[in-house]
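What follows is one structure encoded as structure tokens, with my remarks underneath.
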Amino acid sequence: MPRPISLTISTSSLRHNLDVVIERLTQASVTRGIARPKVWAVVKANAYGHGVNVAVDALARADGLAMLDLDEAVRVREAGWKGPVMLLEGFFEPSDLDVVDEYRLMPVLHCQEQLDMLQAARLSQPIDAYVKLNTGMNRLGFMPQDYAGAWSRAQMLHDQKVLGRLGKMTHFSCADDDPDVTRAEQQLFQDITADLPGPVSLCNSAATLTDSVWSAMDPDLEQWVRPGICLYGGSPFASRSAASFGFKPVQTLSAQLIAVRELPAGVSIGYGREYTTPAVTRTGIVACGYADGYPRLTSPDTPVSVNGVPTRLLGRVSMDMLVVDITSIPQAGPGSTVVLWGEGGPEIDDVARCARTIGYELMCAVAPRVPRRYI
Ligand SMILES: *Cc1c(COP(=O)(O)O)cnc(C)c1O
């Protein structure tokens with residue numbers, strides 16, 4: 001028998017979460033009398049750890065898929081995805097352009113070297129692309145003063161039938177927590193790109209879910225949003241839960257108790273003897289550790305549920321096991337179900353907060369050794 005741990009992935013919740021995003025965009029567009037923005041569903045990092053194949057299946061309503069690994073892009077084509085595929089980091093070397101050409105991928109162009117590679121390429125047909133502006137993230141994208149030059153080079157490549165339709169994009173640095181910064185970045189984008197035609201793509205999950213971003217948007221633009229985390233049931237915001245928007249958890253990490261133990265007061269638990277029982281304590285040993293992708297650096301009182309009852313971790317997380325408090329869950333015993341996060345347990349973002357990280361990291365980090373169950 002395999003060790004009792006698994007990652008359950010709900011296709012219907014993934015589909016539901018995309019429906020929630022589309023419904024919000026539809027309402028916003030009706031209110032403002034504009035066309036509904038289109039959706040690039042972001043499926044990078046193997047669909048945030050959920051698997052690109054399940055994403056292709058569940059995200060059929062998306063207008064396009066956005067990712068960055070060329071192999072994953074090929075996999076979504078092989079899984080039958082016919083719509084647009086955006087490469088968020090573009091391509092990396094000239095031979096990548098053969099893959100871009102063969103699988104009809106749509107790269108983001110963010111540096112001169114990519115334009116040089118295109119200049120030298122032989123493609124069977126023009127490829128659509130976004131030209132990215134750096135508005136303050138200072139990661140990828142042309143600087144504001146260089147954007148017009150990059151755009152005219154791209155336009156020349158378009159005239160030479162190397163590039164097809166051109167779009168404009170940027171990525172906000174603080175859409176989750178600083179509306180003033182976002183407004184300034186959005187204004188900079190509008191100032192720099194105002195006279196250039198084509199679709200625009202600005203919004204990650206946080207910006208997509210922020211009304212002030214939409215009220216500042218030029219209604220005449222063809223908009224494409226790029227939500228990622230919310231599709232998987234995580235929140236981009238520190239102070240607002242995914243559930244409050246109607247999103248459902250897509251992944252559930254669950255395991256079982258493999259032993260229970262009655263401890264007297266005054267004994268310690270686990271490596272480093274970090275936790276000492278203040279009173280008689282019943283503990284459960286869970287078949288989940290940091291080698292499964294559970295974060296090692298958790299704080300005291302990290303939430304977990306046993307037999308559907310909320311409780312907490314005790315002591316340090318080990319490689320293959322962790323310990324939970326089942327003093328108030330007398331019916332729990334070996335074989336009882338433990339939900340580390342997801343359906344029937346704590347929200348992934350609450351566990352992440354206790355580990356001083358974000359749900360994104362936990363989602364992507366579940367180890368390959370954990371068996372996946374798709375429902
Ligand atoms: C990851 C990413 C997104 C999606 O971000 P979420 O916060 O997961 O919604 C959008 N755009 C770019 C460029 C990204 O890298």
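Take the conditions of a type outside the set (A, V, I, L, M, F, W, C), in contact (Cβ under 8 Å) with a residue 12 or more places away in the chain and more than 11 Å from the ligand (Cβ to nearest atom) and apply them to R226. Does it pass?
Answer is no for this residue.
Name the one entry in P278, P334 that is free of Cβ contacts under 8 Å to residues at least 24 places away in the same chain and out of contact with any Ser or Thr (no Cβ under 8 Å at 6 or more places or on another chain).
Result of the check over P278, P334: P278.
Which residue, of L209, L221, is under 20 Å from S29 (Cα atoms) and within 16 Å of the ligand (Cβ to nearest atom)?
L209
Taking the residues in the range 49-90 that are assigned to a helix (DSSP H, G or I) and either without any contact (Cβ under 8 Å) to a residue 24 or more places away in the chain or touching a Pro at 6+ places or on another chain (Cβ under 7 Å) (or both) as candidates, determine which candidate is surrounded by the fewest Cβ atoms within 10 Å (Cβ to Cβ).
D71
Which of the following residues is more than 15 Å from the ligand (Cβ to nearest atom), of a type in the set (S, T, Y), part of a strand (DSSP E or B) and over 16 Å from the mean Cα position of the chain (by Cα): S254, S244, S239?
S254
For the range 27-41, does any single residue satisfy the condition of being in contact with a Phe, Trp or Tyr (Cβ under 9 Å, 6 or more places away or on another chain), surrounded by fewer than 16 Cβ atoms within 10 Å (Cβ to Cβ) and among the charged types (D, E, K, R)?
yes
Let me spell it out: the conditions are (1) within 16 Å of the ligand (Cβ to nearest atom); (2) open to solvent by 10 Å² or more (accessible area, probe 1.4 Å); (3) among the charged types (D, E, K, R), and K168 meets all of them except one. Which number is the exception?
Evaluating K168 over (1) within 16 Å of the ligand (Cβ to nearest atom); (2) open to solvent by 10 Å² or more (accessible area, probe 1.4 Å); (3) among the charged types (D, E, K, R) leaves (2) as the failure.
Would you point out which residue out of E93, E23 is in contact with a helix residue (DSSP H, G or I) (Cβ under 9 Å, 6 or more places away or on another chain), open to solvent by 10 Å² or more (accessible area, probe 1.4 Å) and at pLDDT 95 or above?
The conditions single out E93.
Name, by its number, the condition in (1) within 13 Å of the ligand (Cβ to nearest atom); (2) surrounded by fewer than 21 Cβ atoms within 10 Å (Cβ to Cβ) that does not hold for D195.
Condition not satisfied by D195: (1).
Name the residues in the range 27-48 that are in a helix (DSSP H, G or I) and either within 20 Å of W214 (Cβ to Cβ) or out of contact with any helix residue (DSSP H, G or I) (no Cβ under 7 Å at 6 or more places or on another chain) (or both), would you?
Scanning the range 27-48 gives Q27, A28, S29, V30, T31, R32, K44.
The values are calculated or read from the model by the stated rules, or taken from the named source; none is laboratory data. Here the structure is a predicted model, which means the values were calculated and not measured. Ideal geometry is used to build each Cβ from the backbone, glycine not excepted, and the neighbour counts take in all protein chains shown. Ligands, DNA and RNA are stripped out before the accessible areas are found, and what is left, the full protein with its side chains, is counted by its heavy atoms. Shrake-Rupley method; radii C 1.70, N 1.55, O 1.52, S 1.80 Å.
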